[in-house]
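Below is one structure; the comments refer to it alone.
Derivation of every value follows stated rules applied to the coordinates shown; laboratory data play no part. Just so it is clear, the structure is predicted and the values come from calculations on it, not from any experiment. Here Cβ is always computed from backbone atoms with ideal geometry, including for glycine, and neighbour counts include all displayed protein chains.
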Amino acid sequence: MADTGAISVREVPDHLDAIAKTSSGAPVGVQILAGVPAADAHFSLEVRGSEGWLKLTGDHPAGVQVGDLTLSSSVAFTAPDRPVATGTGPTAADIWTGASINVGEVYAGLARDITNGTHHTPGFQHAAHNSRLVARVEQAARTGVRQ
């Protein structure tokens, strides 16, 4: 498939399919679907290499930042510590159960970094990079020109 540079009409709301190549030449396939029934909401990130695969999965209808994720691999690994936040509480609608997990984990990471004098928790540079990336995707969607 070749990029023709033409703008096409999007017929399916909140749907993205992309086939890309990393700077080192590794192929990457991405599919993002939204607006699907809760039972069909799945997240999967799989990395395959010459020595095996690593997969991160989740099934929360509000996305990857909400609810529990499962890490699996074709090679033995030490499982991550259990989450410090459960994301449950009486104030939110049922669909948001799990929504605070990402926030709780970031605060726990910051506490570990402060205690241990490390810098492992994502910071401003990560946020700025992601913000610029989203802006480029939005600009490409508006203009039809690859960024």
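Here are some notes:
- Remark: spin-label model distance Thr70-Glu46 equals 1.4 nm, labels positioned 7 Å along the Cα→Cβ axis.
- Here the simple spin-label model places points 7 Å from the Cα toward Cβ, and for Ala6 and Thr78 these points are separated by 5.5 nm.
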